[in-house]
1. Within the range 83-111, whose backbone N sits under 18 Å from a point 7 Å along Cα→Cβ of Ser61?
2. Measure nothing but the geometry: give the 0 to 90° angle between the long axis through the Cα atoms of 173-183 and the longest principal axis through the Cα atoms of the chain, rounded to 10°.
3. Output ³J(HN,Hα) for the range 41-47: one whole-Hz value per residue in order, computed from phi by the Karplus curve 6.51 cos²θ - 1.76 cosθ + 1.60 with θ = phi - 60°, and x for Gly and Pro.
4. In nanometres, what is the gap between the two model label sites at Asp69 and Glu51, each 7 Å from Cα along Cα-to-Cβ?
5. So for the pair Ala43, Glu171, with labels modelled 7 Å out along Cα→Cβ, what separation do we get in nm?
6. Can you give the charge dipole size of the chain about its Cα centre, rounded to the nearest 20 debye, using +1 on the beta carbon of Lys and Arg and -1 on the beta carbon of Asp and Glu?
7. By how many degrees, between 0 and 90 and to the nearest 10, does the Cα long axis of helix 117-132 differ from the longest principal axis of the chain?
8. Share of antiparallel DSSP beta bridges in the range 50-192, in percent to the nearest 5?
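Derivation of every value follows stated rules applied to the coordinates shown; laboratory data play no part. Predicted model only: the values in this text are computed from it and were never measured. In this analysis, Cβ positions are derived from the backbone assuming ideal geometry, glycine residues included, and neighbour counts consider all displayed protein chains.
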Amino acid sequence: MVDQTKIEEAVRMLLEGIGEDVAREGLRETPDRIARMYGEIFAGMDEDAGEHLSKTFAVASNEIVVVKDITFYSICEHHLMPFYGKAHIAYLPDGKVVGLSKLARTVEVYARRPQIQEQMTIQIVEAIMEHLKPQGAMVMLEAEHLCMTMRGVEKPGSRTVTMASRGCFQEETKWQELFFQMIGNQKVLNQDLVN
Ligand code: ZN
């Protein structure tokens, strides 16, 4: 749970720091509003991906599962600015699968906390490996970072693409190729590993 009082105090100081009058009408409710909003956008701090990934179903044959275009919103831990985009997830089961919505929930768990995209990619793939124990898994995230596009280098529309693979996706290129094929491999051409 977030400490609302602390956040409200911090927001007031931040506003004073930039020279604002925290008592003016438009800003009076802002600290309270932000404190409540942070409870929501950082809700992943109190969540465990294992809760979502532990409800599995047995399958008779192990066919690749791909869920693509999972929209996510996260906050960059270096600037506390949003980064947002799509997650694509694949795994090759080893006798069991999870409900498809649970993969989206797993993305949420890691998106709703101060993050960096590279780390979030790895956390998702490792959570799937740990809790679902598939033969392999692969995760790709593509996102626009407001800390990059509205300040600093200012490259509107540029996207950062990160990938992580484990098990058969790491060991055998045919599984990676199938993953790229299934999500539409033009995305890889835009790969941009700017940190
Ligand atoms: Zn940033």
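1. Flagged as within label range: 91-97.
2. Its long axis makes an angle of about 60 degrees.
3. 6, 10, 4, x, 4, 9, 10
4. 3.0
5. Here the modelled spin labels are 3.8 nm apart.
6. Details: 21 positive and 29 negative charges, 99 e Å.
It comes to approximately 480 debye.
7. 50
8. Of the beta bridges lying entirely in the range 50-192, close to 95 percent run antiparallel.
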